[in-house]
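Student: Handing you this structure, nothing more for now.
Computed from the coordinates by the stated procedures, all read-outs in this text should not be read as laboratory data. Note that the structure is a prediction, hence the values are computed from the model and not measured. When we count neighbours, we look across all protein chains shown, and the Cβ atoms used for this are built from the backbone with ideal geometry, even at glycine.
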Amino acid sequence: MESAEFTIKALRELRVRCVERSEEGRYQEQMAQHHYLGALRKIGETVWYVATWRDRWVAQLNISAAALKCGVRDRWIGWDFRSQYGRLNLIANNSRFLILPDWHRPNVGSRVLSLIERRVAADWQTRFGHRLLLLETFVDPRRFHGGVYRAANWIELGLTQGYRRTREGYSADVDAPKRVFVRPLCRDPRARLTHSDRDHLQLTGAPKIMLNAQQMRALPLCFTLIADPRRPQGRLHRLPVVLGIAAGAILCGMHGYKAISDWADSLGQKARERFGCRRKNGHYVVPSEFVIRDCLIRIEPGALDQALNAWNHAWGVKDDALAIDGKTMKNATDEAGHQTHIMSVVGHDSKTCHSQKKSGHCQ
């Protein structure tokens with residue numbers, strides 16, 4: 001279709017939908033071929049979108065987790081470091097936006113962005129079980145001026161400091177500051193993101209944490225007394241390192257073996273060194289999903305519980321009061337025919353389970 005033929009009526013025929021599993025190969029191939037940053041793996045909360053016109057692919061978008069640190073964004077919101085990390089999942093990043101060749105027509109980009117805004121919050125709630133209040137993106141001013149985002153009524157906040165993520169952590173020198181744009185998905189997102197009551201934001205569970213360097217070094221030490229159930233032959237990763245990385249991923253909000261493995265893969269070289277990962281060909285390597293799963297399912301639960309209690313004692317929130325609760329498991333009996341009972345000790349302030357005991361005898 002010629003540019004002149006792409007009328008307002010044709011713009012209205014544009015549709016945006018999630019990429020189906022069978023289409024992911026095509027999506028990644030085109031992103032790698034046509035986007036100057038290349039393709040991006042799915043890590044954590046990520047949704048891939050494709051914009052179509054009469055079943056023809058027009059544009060591709062990657063919506064993923066928000067940047068951990070962005071000074072200009074954080075100042076605009078008005079939150080402090082302690083509170084913002086547990087609420088970062090209320091923000092998503094438009095980490096890739098590709099208009100495919102032959103589709104660089106007037107108003108296509110802004111139209112696609114407006115269609116994304118209409119559906120992304122509902123998609124996030126359905127897939128990940130929580131709301132989304134704000135979209136962000138970063139534009140390299142050496143290549144683009146951000147006109148498509150301005151046309152779609154995104155708000156320009158300013159420039160980043162210019163440091164970028166590297167294998168070793170963050171670059172020591174300023175590279176190229178990026179323009180930061182945000183798009184609210186609700187009224188007054190700043191007031192909501194800084195609201196003092198987590199329940200108001202429908203955030204469930206305890207606040208997630210961000211591990212510092214000292215905590216990364218300390219986590220594997222908690223598991224040094226656990227016997228390794230694996231044969232000595234073929235062990236590529238020490239058990240405390242595997243368990244420390246798995247515990248760190250869960251503390252940062254990961255759920256499931258795949259998510260834990262993706263979190264481990266995303267660690268920079270400095271973080272991998274702190275966890276004690278082995279070095280191969282000049283780089284620190286992390287255990288695979290298979291190794292993580294194999295270790296976790298073979299560890300004796302009581303020993304793992306004691307190790308995690310050591311972590312809680314050193315780093316957890318101090319509790320002024322404890323709650324003791326017990327449950328009797330239905331239709332669960334031991335070899336002697338006694339019904340199984342579970343007793344837990346939970347902290348009032350931290351909401352952490354400090355200890356739990358399963359027994360066939362009710363004292």
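Student: Pairs of Cα atoms under 8 Å, at least six residues apart: use those to get the relative contact order of the range 3-201, whole percent.
Tutor: 19 percent.
Student: Please give the charge dipole size of the range 213-315, origin at the Cα centre, charges +1 on K and R Cβ atoms and -1 on D and E Cβ atoms. Round to the nearest 20 debye. Let's see the in-between values first.
Tutor: Details: 14 positive and 8 negative charges, 90 e Å.
Computed about the Cα centre, the dipole is about 440 debye.
Student: Could you sort the peptides 231-241, 123-133 by per-residue average Cβ neighbour count (10 Å cutoff), highest mean leading?
Tutor: 123-133, 231-241
Student: Summing +1 for each Lys or Arg and -1 for each Asp or Glu, what net charge is found among the other residues whose Cβ lies under 15 Å from the Cβ of M31?
Tutor: So the surrounding residues net to +1.
Student: As a quick test, which of the pairs K69/K270; K69/K258; K42/K270; K9/K178; K258/K280; K178/K270 have an alpha carbon distance above 28 angstrom in this structure?
Tutor: The answer is K9/K178.
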